[in-house]
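The structure appears below as structure tokens.
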Amino acid sequence: MQRNTYGQSPPLHHPVPQHVSTVPQLRSPPPPPGSAQSQQQGYAPTGQQGNPYQQQGGTSGNVFGAYGQFMNDPTAQVAAQFGQTAFKQGQEYVEQNIGRYVNVAALKHYFNVSNSYVINKLFLVLFPWRHKGWSRKQAVGANGQEGWYLSPRDDINSPDMYIPVMGLVTYVLLSTLIAGLKGAFNPELLGVTATTGLSVVIVEIIALKLGCYLLSISSQSQLFDLIAYSGYKFVGIIVTITVAEILNGGKGTGGWIGWAVFAYTFSANALFLLRSLKYVLLPETNGQPSGPMQTDSRAKRNQRTQFLFFYSYIVQLFFMWVLTRA
Amino acid sequence: MLYLGTLFYIAVLLINAVAILSEDRFLARLNLSPSSYDPAFGTGTDASVKAKVINLIGSVRTLMRAPLIIANTIIILYELALG
């Protein structure tokens, strides 16, 4: 085969093209102390320009083995290595700063989804009436106490951020696509739709937090949970817009097919939210037999239930209408 | 339709509205001022809705006065210079 001209086969874990390159490859620089010897041997070819270019410290030889055909120029190699170092530093800088503002580990928990979870969850958002058992499962901690909530991969009731993020992006693209089909597209529309979607989510979260503060609901769930629940309405909105566009030619505000689909998705979404947020907002009925505590919290419980109903139905109705309008 | 700048305007205007309410003429009439509120000794933060609203209005007015001045100045300069 062609590989007889080289010393040994290239290392298997590194994607190196197997074809013959007629351009003589540079001998790789001397390995830094501690790196594996096999990598250098993998690229020990019949390079005639070996020695003067061995002073290029670092590990640039390994990465650019795949680009052996056009990276022979030493200045290009120096520039590439500089770029690599700069990129690494930039990456560390970004990681440090973003890690300070956004809790990346918590965010990873929300994106830990599987295919079956996504499909089941989408079905659940659009058809929540037959589902039983809405409470989230908890993993048992080390001492037998309640630990943390299970990730979305294991628990169908756990909120995730994958569906809301994809829903928002799909909604933006879909509404600009439909506007383009009608001939009313301009590139500003993308930004405006994205801003509208984001601002709806933000305003909803503010309203929810305000309501929680006023009713002294100590919500133990995190902010991301609420954002996730607020983002599930995009699924219903996408379905409404799609069906209204296909069947109607007009819009959701056009013929009554659009309104029927909107009413259905709205009620499905409201029920889904009602059942899910019940565990977040309403206090658990522990069965404490204390007298004055019970009567005091009954009025509060009514208030909270009313607030939950108000939030699930009326607030969502308003926002879903806003989002299907554009 | 709804740009980010418009959202900023809306937020600033709403907080302006809360900040410029006259305390003794308006809020006291409606019993929403912090002076007419006297928390009983046991309730603390677990008070009624009205107490919370009073607290909220009072704290918004106290905290947001300085940033509101800055935001309003910026908006005025922006509108004057760039129309």
Practice problem: Restricting attention to region A:80-96, report how many residues are surrounded by 10 or more Cβ atoms within 10 Å (Cβ to Cβ), among the polar types (S, T, N, Q) and under 22 Å from A:LEU107 (Cβ atoms). | Solution: 1
Quiz item: If you take the residues of region A:192-223 that are farther than 16 Å from A:VAL322 by Cβ and within 9 Å of chain B (Cβ to nearest Cβ), which of them is modelled with the lowest pLDDT?
Solution: A:SER216
Quiz prompt | Subset of region A:124-140 (residues that are loosely packed, with under 12 Cβ neighbours inside 10 Å, more than 12 Å from A:ASN157 (Cα to Cα) and not charged (D, E, K, R)) | solution = A:TRP129, A:VAL140
Quiz prompt | Every pair of residues 6+ apart whose Cβ atoms lie under 7 Å, when the first sits in region B:1-25 and is within 14 Å of chain A (Cβ to nearest Cβ) and under 28 Å from A:VAL192 (Cβ atoms) while the second is among the basic types (Lys, Arg) and loosely packed, with under 13 Cβ neighbours inside 10 Å | solution = none
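Keeping to region A:156-196, report how many residues are part of a loop (DSSP other than H, G, I, E, B) and without any contact (Cβ under 8 Å) to a residue 40 or more places away in the chain. Even if it seems obvious, please write down each step before you answer.
Filtering region A:156-196 down to residues part of a loop (DSSP other than H, G, I, E, B) leaves A:156-161, A:182-187.
With the extra rule that they be without any contact (Cβ under 8 Å) to a residue 40 or more places away in the chain, the set shrinks to A:156, A:158, A:182-187.
Number of matching residues: 8.
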Quiz item: Are there any pairs with C-beta distances below 9 angstrom linking a residue in region A:77-97 that is among the aliphatic types (A, V, I, L, M) to a residue that is assigned to a helix (DSSP H, G or I), with the two at least 6 apart or on different chains, and if so which?
Solution: A:VAL78/A:SER60; A:ALA80/A:SER60; A:ALA80/A:VAL63
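The values are calculated or read from the model by the stated rules, or taken from the named source; none is laboratory data. On a predicted model such as this, the values are computed, not experimentally measured, just so you know. Reconstructed Cβ throughout: ideal geometry from the backbone, glycine too, with neighbour counts over all protein chains shown.
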